[in-house]
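First the structure, in the form of structure tokens, and then the observations on it.
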Amino acid sequence: MNCNRLTIDVPSGSNYPEVDNVVLTLIPLGSVNTHPTNMVVSVNGLNEIICWPGDHTGWHLQGQTNSLAVGLSTNWVNVPGTSANSCYTNTIDPANGAVFYRTLFP
């Protein structure tokens, strides 16, 4: 596995009396994929479940709800809490005319 590593070597006898000859290595666990991807949408009862690949965690899910007469517009809003996840579950409201979703890299 290729990782970027930052190693901090604290020499023995330094001004840190609680540390004696310790090497601390920080290894990043992963990074956010910045390339566009697909979303998978499924329905379970009255819930819609929207998922995107886990390596896109950090992206924002955006949505908009309009009447059927308006359809798709430019009034995108971030769906709260979705940048920390890779799935979103929402209750389907039959009164909503047209609902759209997209993912956006911040």
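The values are calculated or read from the model by the stated rules, or taken from the named source; none is laboratory data. Keep in mind the model is a prediction, meaning the values are calculated, not measured. Neighbour counts run over all protein chains shown; Cβ positions are idealised from the backbone, glycine included.
Things to note:
- The single condition from (1) at pLDDT 95 or above; (2) touching a Leu at 6+ places or on another chain (Cβ under 8 Å); (3) among the polar types (S, T, N, Q) that THR89 fails is (2).
- Taken over region 32-71, the criterion of being of a type in the set (A, V, I, L, M, F, W, C) and touching a helix residue (DSSP H, G or I) at 6+ places or on another chain (Cβ under 8 Å) is satisfied by VAL32, TRP59, LEU61.
- Residue identified as exposed (fewer than 12 other Cβ atoms within 10 Å of the Cβ) and in contact (Cβ under 8 Å) with a residue 12 or more places away in the chain among ASN78, ASN96: ASN96
- Residue list for region 45-60, filter: touching a strand residue (DSSP E or B) at 6+ places or on another chain (Cβ under 9 Å) and under 15 Å from PRO106 (Cβ atoms): TRP52, HIS56, TRP59, HIS60
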